[in-house]
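See below for the structure under consideration.
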Number of protein chains: 2
Amino acid sequence: MANKKTAITPQRSQDFAAWYQQVIMAADLAEHSSSRGSMVIKPWGYGIWEIIQKQLDQRFKDTGHENAYFPLLIPIKLLEKEASHIDGFAQECAVVTHSRLTSTQEGKLAPASPLEEPYVVRPTSEAIIGETYAKWVHSYRDLPILINQWANVVRWEMRTRFFVRTSEFLWQEGHTVHATAEEAQEETTAMLSLYSDFVSDYLAIPTISGTKTPDERFPGAVETYCIEALMQDGKALQAGTSHFLGQIFAKAYNIRFQNQQGEQQHAWTTSWGVSTRLIGGMIMTHSDDDGLVLPPKVAPKHIVIQPILRNTNQDKDILKYCHILKESLSSLHYAKEPLRVHVDQRSIRPGEKNWQHIKRGVPIRIEIGPKELKEQTVSFARRDNRTHTKTTLPQAAFLRAITEELSALHTYLIDKARTFLSTHLHSFHSLEETENFLASGGKGFIYLPWCKDAIGHEFLAKHKLSPRCIPLKPQNIPHQHNPDAKCAFSHQKASHSVLFAKAY
Amino acid sequence: MANKKTAITPQRSQDFAAWYQQVIMAADLAEHSSSRGSMVIKPWGYGIWEIIQKQLDQRFKDTGHENAYFPLLIPIKLLEKEASHIDGFAQECAVVTHSRLTSTQEGKLAPASPLEEPYVVRPTSEAIIGETYAKWVHSYRDLPILINQWANVVRWEMRTRFFVRTSEFLWQEGHTVHATAEEAQEETTAMLSLYSDFVSDYLAIPTISGTKTPDERFPGAVETYCIEALMQDGKALQAGTSHFLGQIFAKAYNIRFQNQQGEQQHAWTTSWGVSTRLIGGMIMTHSDDDGLVLPPKVAPKHIVIQPILRNTNQDKDILKYCHILKESLSSLHYAKEPLRVHVDQRSIRPGEKNWQHIKRGVPIRIEIGPKELKEQTVSFARRDNRTHTKTTLPQAAFLRAITEELSALHTYLIDKARTFLSTHLHSFHSLEETENFLASGGKGFIYLPWCKDAIGHEFLAKHKLSPRCIPLKPQNIPHQHNPDAKCAFSHQKASHSVLFAKAY
């Protein structure tokens, strides 16, 4: 059995938030910094982001998008052009007001040279990109514009949490311009599907796709599409969004073109993004009381080989065997990538080393000692084996089995997460049912008929629930929306049913 | 002959700075933004940066480095810890002083919620990384730390120039920690060599490696190594730097470790970086009066295929032929990458289209019309063919020749640049010789014996010269430093010889 002294304290069931933070520390993913609300992303954590970036970037390019780069600092007057947009971001902006530091008499540094026009560090880039696109678009021949940007953004968050909510975070933001509403709509939903597929295929996170209710839309959007995931504590996490912006930003920034009939008209735009938040969602979906569990496709190392050395003459041969095994493994592929293999020959206690790799979520841990050397075998454990006991196979058999083991780990994780999601998704018709469910410790998504946005906020606030989305495919919900249903709040005719949940 | 109406105006010889700007506009690499001093990097320009990133990143990883990410916003008090460092950057910092925007009575936005402690947008990251490393380093077992960061930085530049000097720019910054001075020194020079090799292999830019004279060192460095390139106008461009920081930052940020003898000591650190400036250097090294010339390894597309369509039944077959040719080409490799091929079937005038691709520096342009279809041939031109006339080869022969054509283009560019560098590198012994040279219109590097940093500034300022470096391999300089040489300025014994130049 697992050595409990080495596991994560507290356990998930005791204090989920503290457990989450300890998993991150133990896995060496990130740490706090002296820059308020921003974290340092350490190599193991950044390695996961690099894989996410590479895979998403390829999918964006395969669907006709190109990358570009727009300025970090946005002149305030540009933001003034779209009122609802700035209302959504004005409360949490890093504002640049000076262009120099000067030394005070006490030997401290202080801002100097005030700027005539302040700038904000981009919280998102619709404004500066909208202004730029207005210069690029003249004719229908210039459309569509399909551009993505990999960037850092800053939103001055008061309550932060590693990966899930930090003042600075890394993300990608797609910004496209189209000649027709239909084409922009298609782009919006196509990118949502791309996100949903990627998150499921790579992070093993099942999500529910839907549209946001009006109050929850991106500031300035006509429609916000989202994918919502469910964490192990029963709270929802918005994992990605795709916005149909209609002609709102085109009108604010004057993105106009001459159509095929020779008439001037405003264009239709979209924007869509995912961020380092995905890593937080992955941790809270899969990790266990022994630490991080990595879906193998995003593991910076698929396999760690641990030589068991005893300061004897045999050590040299054991190390040689390890490195030959690494070579053999590196020539194999999983999910179209060569296997990423590391030989960890640091001279620390084997048990401690093994636990480090368990906590870092390495999918496959191998031990090679005198016995494996003699018998030309491989002893290994898969991260989802909770007793952490190793299986021994002849080397050739292991090499034949390894990519299947990685696939099986992915399947295990996505299946477990799907089961969790489906068993934590409840349809109710009344507030009484909902309250009984919550009072008995029920958690997860709650599906309720609703009549309109203004209704029910008191009830929701009392139970810390928020509307997550109106599902795009209600047929996947156990009790789908009944056209004759009555709103659970007002008892008027319900226009649709909405998924509610406590959320990050 | 080239149609002069379509070439770049002005020519290089008329106004190099204006020509440079026009080349960038015509190639669609970048444009000005409303964010003062920052540019928008457009897809064709960003595509070049992506290739530079990918190649450098692989070289960093192959030499044992990992990527991580540190905060954008640096608390001012962190900067106060290293006086010479902050002296170098305090004059040009974007300072964040507020965390919110509020609407004024006139409907404008204004900064609100002043911060107790202001932040600067990172101009470089030694401070925040130094503080972090102090937490990571305890024992010699924790060393070396070999980390790189891909990031944006802001330096509030007064006079900006596309790619070469912008307020915000993209770069990588390596930051390493070592147990000994020797190991840190080795890292510093190894990274300089990596830069020098990459810039020559990929950007076809020959450089001179050297150390900066004391006044020109990075603020806080013990020694700054650099690679210096020579642009076609005879001005030098610093293309990359690698800094041996000694124990200066380790002492400022308290990076200490217990060595093998059980004693506490300060570590030794390095930092090194290259930026989007490399793209500016590449443009000013290779481009001509017809526009951008791209070294093929960094061309976002190696080849553009232009179908010549005449609105006849044949058009379908011509397009089919183009796409089959694209498939065949895409299966070939150059510099270990699949050929990047684009079929440009926009319906614009063929001559105009052809000139767009000339100006964008596409290495190989192909035309496929009825004749090529009928004879199953390929008509193509290499970008360095100044008459832009096309050669026709049977398809099979073209496919056999194409990677050799790309190699030959690279060789042509690096050879031409090397010849330019060697014919613009002059050794003099006196100021009189130097002045005569300059008065007669001479340009390029000037190698002069020097006794110390404080000498000669009036002369240098008068001629707008600056010390570029003390070459590491003076044997490559036509007249190497003579140990008995007298300083050209003071006539005292010279300690070394220095390369001077007008510079970007």
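Annotations for the structure displayed:
- Interface area, chains B and A: about 5200 Å² of buried accessible surface, summed, with a 1.4 Å probe and ligands, DNA and RNA left out.
- Taking trypsin sites (Lys or Arg not before Pro) as exposed when DSSP calls them loop and at most 14 other C-beta atoms lie within 10 angstrom, chain B has its longest site-free stretch at B:160-309.
- Convex hull volume of the stretch B:1-153 per residue (C-alpha atoms, cubic angstrom): 225
- Average Cα contact separation per residue, chain A, under 8 Å, 6 or more apart, as relative contact order %: 14
- Whole-number D in µm²/s for the stretch B:189-305 (Stokes-Einstein; Kirkwood sum over Cα pairs; 20 °C, 1.002 mPa s): 131
- Overall form of the stretch A:191-234 per C-alpha gyration tensor (a/c, 1.5; a/b vs b/c): oblate
- Scaled against the 2.2 N^0.38 Å expected of a compact globular protein of N residues, the Cα radius of gyration of the stretch B:364-404 reads 1.11.
- Cα centroid separation, the stretch B:264-312 to the stretch A:368-409 (Å): 46
- Legend: translational diffusion of chain A by Stokes-Einstein, Rh = Kirkwood radius over C-alpha pairs, 4 °C, 1.567 mPa s; D = 51 µm²/s.
- Scanning chain A for cysteines with no neighbouring cysteine C-beta under 4.7 angstrom from their C-beta gives A:C93, A:C226, A:C322, A:C469.
- Across the accessible surface of the stretch B:303-382, with the other protein chains kept in place and a 1.4 Å probe, carbon and sulfur atoms take up 50 percent.
- For the stretch B:407-500, convex hull of alpha carbons as volume per residue, Å³: 104
- Carbon and sulfur %, accessible surface of the stretch A:11-113 computed with the full protein complex present, 1.4 Å: 45
- Rg and Dmax of the stretch B:1-84, based on Cα coordinates, read 19.9, 62 Å.
- Per residue of chain A, the DSSP helices (runs of n ≥ 4 H) give a summed -39500 (n - 2.57) that works out to -10500 deg cm²/dmol at 222 nm.
- Fraction in percent of alpha-carbon pairs per bin - 10 Å, the stretch A:352-426: 17, 41, 28, 10, 3, 0
- Principal semi-axes in Å for the stretch A:400-457 [√(5λ), Cα gyration tensor, largest first]: 38, 13, 7
- Take chain A with all the other protein chains still there, run a 1.4 Å probe, and you get 40 Å² of accessible area per residue.
- Based on alpha carbons, the Rg and Dmax found for the stretch A:307-347 are 12.4, 40 Å.
- For chain B, the longest principal axis of the alpha carbon atoms and the long axis of helix B:126-136 meet at an angle near 70°.
- Computed on the stretch A:82-142, with alpha-carbon pairs under 8 angstrom and 6+ residues apart, the relative contact order is 28 percent.
- Note that the stretch A:323-454, at 10 °C in a medium of 1.306 mPa s, gets a Stokes-Einstein diffusion coefficient of 86 µm²/s from its Kirkwood radius over C-alpha pairs.
- Expressed as a fraction of 2.2 N^0.38 Å, the C-alpha radius of gyration for the stretch A:128-170 is 1.76.
- Proportion of all alpha-carbon pairs of the stretch A:216-273 beyond 12 Å (%): 70
- Centroid-to-centroid, using Cα positions, the stretch A:76-119 and the stretch A:185-238 are 33 Å apart.
- Debye log10 I(q)/I(0) at q = 0.21 Å⁻¹ for the stretch B:161-212, Cα point scatterers: -0.98
- 47 Å tail of the calculated P(r), the protein assembly as shown, as % of Cα pairs: 34
- Over the C-alpha atoms of the stretch A:147-248, the Rg to Rh ratio, Rh being the Kirkwood estimate, stands at 0.97.
- Dimensionless Rg over Rh [the stretch B:71-200; C-alpha; Kirkwood]: 1.06
- Förster radius 51 Å - calculated FRET efficiency between A:S330 and A:R159 (Cβ-Cβ, nearest 0.05): 0.75
- Separation of the A:N254 and A:K77 label points, Cα + 7 Å toward Cβ, nm: 1.2
- All Cα pairs of the stretch B:280-372, percent lying beyond 19 Å: 45
- Residues of type aspartates and glutamates that B:K493 reaches as a straight line, Cα spacing below 13 Å, ignoring anything fewer than 8 places off in the same chain: B:D484
The values are calculated or read from the model by the stated rules, or taken from the named source; none is laboratory data. Keep in mind that this is a model prediction, so the values were computed, not measured. Don't worry about glycine lacking a Cβ; one is built from the backbone with ideal geometry, like all the others, and counts go over all protein chains shown. Accessible surface areas use protein heavy atoms only, side chains included; no ligands, DNA or RNA. Shrake-Rupley method; radii C 1.70, N 1.55, O 1.52, S 1.80 Å.
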